[in-house]
1. Going through 91, 76 one at a time, which residue ends up being over 19 Å from residue 170 (Cα atoms), at pLDDT below 85 and part of a helix (DSSP H, G or I)?
2. Name the helices (runs of 4 or more DSSP H) wholly within the range 111-219 that hold at least 2 residues that are at pLDDT below 85 and loosely packed, with under 13 Cβ neighbours inside 10 Å?
3. Output the qualifying pairs, or none if there are none: Cβ atoms under 7 angstrom, residues six or more apart or on different chains, first residue in the range 368-380 and farther than 20 Å from residue 461 by Cβ, second residue assigned to a helix (DSSP H, G or I) and among the charged types (D, E, K, R).
4. Go through the range 320-439 and tell me which helices (runs of 4 or more DSSP H), entirely inside it, have 1 or more residues that are within 30 Å of residue 307 (Cβ to Cβ) and at pLDDT 90 or above.
5. For the range 349-364, enumerate the residues that are of a type outside the set (S, T, N, Q) and either touching a helix residue (DSSP H, G or I) at 6+ places or on another chain (Cβ under 6 Å) or closer than 24 Å to residue 290 by Cα (or both).
Amino acid sequence: MAKRQRPDRDTPPGSLPVVAIVGRPNVGKSTLFNRLVGKKLALVDDQPGVTRDRREGDAELLGLKFRIVDTAGFEEDDAQTLPGRMRAQTEMAVQGASVALFMIDARAGITPLDEHIARWLRAGNTPVVLLANKAEGRAADPGIMEAFSLGFDEPVAFSAEHGQGLADLFQAIRPHVEADEPDLPIEGDQDDVGDEDELDDSAPLKLAIVGRPNAGKSTLINRILGEERLITGPEAGITRDSIAVDWTWHAPNGVARAVRLIDTAGMRKRAKVQEKLEKLSVADALHAVDFAEVVVLMLDATLGLEAQDLRIADKVLSEGRALVIALNKWDVAENGSSLYQGVRKALEDGLAQVRGVPLLTVSGATGKGIDDLLQAAFDTRRRWSQRVPTSLLNRWFDEALEANPPPAPGGKRIKMRYITQARSRPPTFVVFGSRLDEVPESYSRYLVNGIRKALDFSGVPIRLNLRSARNPFDKKK
């Protein structure tokens, strides 16, 4: 079979070769994706059509490193339908790949849709490796033999679930991956990775977008990227997996800033989430929040603020993540000024534990406010990551105690001796003294609000721990 001409791809220097997995629904593409990345990143379920957006991850197979792309099941529906829009994402993934893994179900045999996909792949320029999945046992032998009719080289017998056939898969994709391997930096040229508490301003901003279904999260990310990277439409709940996309923001001042955008599934009230797949999607979204630095809570300006929005915000803050709130669809909102003030007031009442959370107006449809949103996210990460010198912190602490001394329950005064910042991301402070277990919650809030106002921690969650000196003569304690 003649060697295919490689497609022209705009591949950034130093980036890994791309391997795209393609096939009809429910043949095991996401199971293979998870095996190659070594983590359960993609949602897997028995029902077909779980994957919708294309999902990427860094993979390694027997020392061979590449970027793997999981795609939606290929279907023949009209381009305007949801399956049609999913197919368009698959087509873009294959066009930009070094090699495509065409996966079939060896136990089910070749279907008319498999034949349709094969014709489409043969018409393109991307090299193809035929992968006969679920090939464990003799029941798959007829399907493997039938796969020769698709017009590709010998199919690779494989089991994504059990990991059988990894060596054969390695040999099949190795020529294509090695041909596109980047020039790696000389060992020792890489900068040392700093402490995770220290902010490297050049490090990518891990920015997760969360909110209720149909708030416009995917539309906003597509507008930011300038391409239809994520599937959008009027249907609620299109996004299921949390999709991460690396991107460079060129700020208005000309500075290029790296961003890792994470789109998540919409979060409804827990009582309304009944289906197993939606539960998995929400769990995946919460997992994305855990690994983000800044979380943008997207509100629908045409619906205003609802109780579910406050529950999502509270979840983000309780995880210690920095929060920015965006009022989306601002281009079609009515009575903008009163709406903005009403949402601001409701946020102050509902998120009293964190004052000063940024509230911005944006439009995913027109692009309005995107630069302001990204700048607010970077500013919030800086405050979330900063450390205060101990001397400055204790000068403020002494002044705060003098202005409002701790209470004296039972006539015995609580003694607070000094304060230190234990960590950042989120900012965590420890106060040392005696009888601190009797400090009322109102006084702790006084200290936290003082830290936030005086030391530039506006809008980020602050944790305050009180530690009493241990009495060496109290053996019971």
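1. Details: 76 fails: part of a helix (DSSP H, G or I).
91 is the lone residue from the list that is over 19 Å from residue 170 (Cα atoms), at pLDDT below 85 and part of a helix (DSSP H, G or I).
2. 166-179
3. Qualifying pairs under 7 Å: 368/331; 370/223.
4. On the way: elements: 336-350, 370-385, 390-403.
It comes to 336-350, 370-385.
5. Applying the first criterion (of a type outside the set (S, T, N, Q)) to the range 349-364 yields 349-352, 354-360, 362, 364.
Matches in the range 349-364: 350, 351, 352, 354, 355, 356, 357, 358, 359, 360, 362, 364.
The values are calculated or read from the model by the stated rules, or taken from the named source; none is laboratory data. On a predicted model such as this, the values are computed, not experimentally measured, just so you know. Here the Cβ is made from the backbone with ideal geometry for all residues, glycine too, and neighbour counts use every protein chain on show.
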